[in-house]
Amino acid sequence: MYLHHHSIPSKHSTPSVTIPLEAEQKIISRTDREGKILFYNKNFAKISGYTKEELLGASHNILRHPDMPRAVFYLLWQQLLAGIPTRAVIKNATKSGEHYWVTLDFNPLYDSNRSIISFLAEGEQSSSLVIQEIEPLYTRILLDEKRHGMHHSIKSLSDHLVAQGIASYNDYIHKITQKKRKGILASLGLSLRE
């Protein structure tokens, strides 16, 4: 997992600073249907920089980075509220102003009547390959959002997916994160069965 220093760009700003953390850290959180944090693991607290009092019961968007398009969260919530497990790549902000990229698997959790009661998010470091692919897309979508509103940015994202021959945001994220796995396996002389 890596943290990147986040600051407002200026003409004289330097590139983001990368701070290495322990490899293979899983970040886990659970929220209610409104996005309020019910549970998190120690890695979530460590990387976010917030205290227990600041996190429990807070809206998960406490971590929202201004570079993230609202359209991505809209599509994510539409999937989750429909009971569809979803993968997303998110740029999160820490309390201290740093940021990190995480690939998250979101799963709805149900009560005994099969009603959705909460959502579990489990994440790990996004690879540089994934970040290189997703960051320019998010930048374009966010620009559309600022100029024309969220509905236009949702259309912009949908148009991008159609142009790539991909049905949904979830499928797109699976595709780009699968590239990482294939690259790792290829480096070991292995491959995935298609």
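Every read-out reported here was derived from the displayed coordinates using simple, explicitly stated rules and does not represent laboratory data. The structure displayed is predicted, hence computed values, not measured ones. No Cβ is skipped: glycine too gets one built from the backbone with ideal geometry, and neighbour counts run over all protein chains shown.
Between amide H atoms placed 1.01 Å from N, distances below 5 Å from PHE39 occur with ARG30, all of them 5 or more places distant or on a separate chain. The phi-based Karplus calculation (6.51 cos²θ - 1.76 cosθ + 1.60; θ = phi - 60°) puts the 3J(HN,Hα) values of segment 62-67 at 4, 8, 5, 8, x, 7 Hz, whole numbers, x for Gly and Pro. Multiplying the residue separation of LYS175 and TYR74 by 0.36 nm and removing their Cα-Cα distance gives an extension gain of 34.3 nm. Of the trypsin sites (Lys or Arg not before Pro) found in segment 82-150, those that fall in a DSSP loop while having at most 11 other beta-carbon atoms within 10 Å are ARG114. Computed from backbone phi, the HN-Hα couplings of segment 35-42 come to x, 7, 6, 9, 7, 7, 8, 5 Hz, rounded to whole numbers (Karplus: 6.51 cos²θ - 1.76 cosθ + 1.60, θ = phi - 60°; Gly and Pro given as x). Between ARG140 and LYS155, the distance separating the two model label sites (each 7 Å from Cα on the Cα→Cβ line) works out to 1.6 nm. Among the listed pairs LYS52/LYS91; LYS46/LYS95; LYS36/LYS175, which have their C-alpha atoms separated by more than 19 angstrom in this model? Too far apart for the 19 Å limit: LYS52/LYS91; LYS36/LYS175. Remark: segment 90-103, residue by residue, has Karplus-estimated 3J(HN,Hα) of 10, 9, 9, 9, 9, 4, 7, x, 7, 9, 8, 9, 9, 9 Hz, where x stands for each Gly or Pro and the curve is 6.51 cos²θ - 1.76 cosθ + 1.60 at θ = phi - 60°.
Spatially, segment 85-122 and segment 125-142 are offset by 18 Å when compared through their Cα centroids.
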